[in-house]
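**Q** Sending over a structure as structure tokens; questions will come in a sec.
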Amino acid sequence: MPNNSRPTSPHLAAGAGPTERQAEPLKHQTDIARAAALIADPSRARILKGLADGRALPASVLAGEAGIGAATASVHLAKLVEGELVTVQQRGRHRYYRLTGPDVSAALEALALIAPPLAITSLKQSNRANALHQARSCYDHLAGRLGVALMRGLLERGVLTGSDGIHRPELAVRDRPSSYGHDSQYELTGTGRAMLAELGVDTDRLPPRRPAIRYCVDWSEHQHHLAGGLGAVLTARLFVLDWVRWGLSPRVVHLTDTGTRGLKRTLGVTLT
């Protein structure tokens with residue numbers, strides 16, 4: 001799947017997406033069938049997966065991700081926009097598409113838990129699967145082994161407090177893999193504010209209209225990784241510092257040598 005025309009900037013600006021829902025959606029009247037029908041088409045599903053890292057991408061790149069022609073991609077994108085799963089923005093002569101918010105990405109992650117796995121028939125597919133487990137984006141924050149290790153470092157250094165970052169299925173009340181967590185309440189400490197300020201993260205200017213601190217139960221590691229406004233701003237800062245970079249495949253993130261040293265020095269984070 002060609003990705004060379006992907007934008008190089010992270011597009012993880014704080015507050016780029018709409019407010020994260022805090023209500024439990026199944027308690028309300030929602031048209032699940034309509035949303036499911038939009039995702040059910042294989043080409044549209046591949047387009048949505050290509051957008052799941054929160055970046056805005058042109059139709060030409062998304063057509064390549066889905067393995068379809070430009071005209072067909074345009075039809076699918078129009079349906080996704082109409083169904084409010086995707087938004088579109090005109091930039092000069094080009095249109096850029098992105099998910100309407102992190103809830104769409106969370107829904108895709110949840111569906112991945114019950115979907116049958118795609119057969120891995122090549123070394124390239126195997127390498128990509130391993131890379132997604134190692135480090136990936138979960139909309140606008142880090143996930144996989146890197147995201148879990150970052151959360152552990154934040155807890156061990158006293159940046160966050162409230163729980164230990166471990167998902168215990170036998171004790172969980174509302175927490176499930178590949179979803180926003182609810183059972184634990186994390187808080188940012190005074191020490192944490194100072195440590196993050198040294199990294200260039202201003203915790204007094206987190207994105208409005210979304211929870212400052214949330215966590216997800218990571219689908220591959222079954223532990224907590226940081227989400228919410230703080231997760232988005234911290235991730236964006238790591239891209240600016242060149243501690244992490246985008247991979248060629250959708251959602252894949254690579255930890256740089258500089259990032260390996262920087263995260264170990266500042267937060268005690270090590271990633272094997």
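**Q** Compute the signed sum of charges (Lys and Arg +1, Asp and Glu -1) over the other residues within less than 15 Å, Cβ to Cβ, of residue 133.
**A** +1
**Q** With every protein chain kept in the model, how would you rank 222, 76, 94 by accessible area, 1.4 Å probe, largest at the top? List each step's numbers first, then the result.
**A** Working: 222 80, 76 20, 94 110 Å².
If we order 222, 76, 94 from most to least accessible, we get 94, 222, 76.
**Q** In the chain, carbon and sulfur make up what percent of the accessible area (probe 1.4 Å)?
**A** Summing carbon and sulfur atoms, their accessible area is 54 percent of the total for the chain.
**Q** Once the Cα atoms of helix 257-267 and of the chain are each reduced to a long axis, what angle between those two axes, in degrees from 0 to 90 to the nearest 10, is obtained?
**A** Roughly 40 degrees, rounded to the nearest 10.
**Q** If every alpha-carbon in region 42-148 counts as one equal scatterer, what log10 I(q)/I(0) does Debye give at q = 0.13, 0.14, 0.16 1/Å?
**A** -0.51, -0.59, -0.77
**Q** Using a 10 angstrom cutoff on alpha carbons, build the Gaussian network for the chain and name the most mobile of 80, 48, 38.
**A** Checking each option, the largest mean-square fluctuation is seen for 38.
**Q** Starting from the exponent 0.38 and prefactor 2.2 Å, build the expected Rg for region 172-272 from its residue count and divide its actual Cα Rg by it.
**A** 1.13
**Q** While we're looking at this one, here's another question. Accessible area per residue of the chain at 1.4 Å probe, in Å²?
**A** Averaged over the residues of the chain, the accessible area is 51 Å².
**Q** Something else: Of the listed values (i) 19.2; (ii) 14.8; (iii) 12.7, grab the one calculated as mean projected area of the Cα convex hull in nm² from the structure here.
**A** (ii)
**Q** So what is log10(I(q)/I(0)) for region 86-202 at q = 0.11, 0.20, 0.23 1/Å, when the Debye sum runs over its Cα atoms only?
**A** Result of the Debye calculation: -0.55, -1.26, -1.36.
**Q** Please identify, among 74, 105, 178, the residue showing maximal mean-square fluctuation in a Gaussian network model of the chain using a 10 angstrom Cα cutoff.
**A** 74
**Q** Still on this model: For the chain, modelled as a Gaussian network with Cα springs under 10 Å, which listed residue fluctuates most, 104, 81, 61?
**A** Greatest mean-square fluctuation among the candidates belongs to 81.
The values are calculated or read from the model by the stated rules, or taken from the named source; none is laboratory data. No experiment lies behind these values; they were computed from the predicted model shown. Note that we place each Cβ from the backbone using ideal geometry, even for glycine, and neighbour counts take in every protein chain shown. Accessible surface is based on the protein model in full, side chains and every heavy atom, while ligands, DNA and RNA are left aside. Shrake-Rupley method; radii C 1.70, N 1.55, O 1.52, S 1.80 Å.
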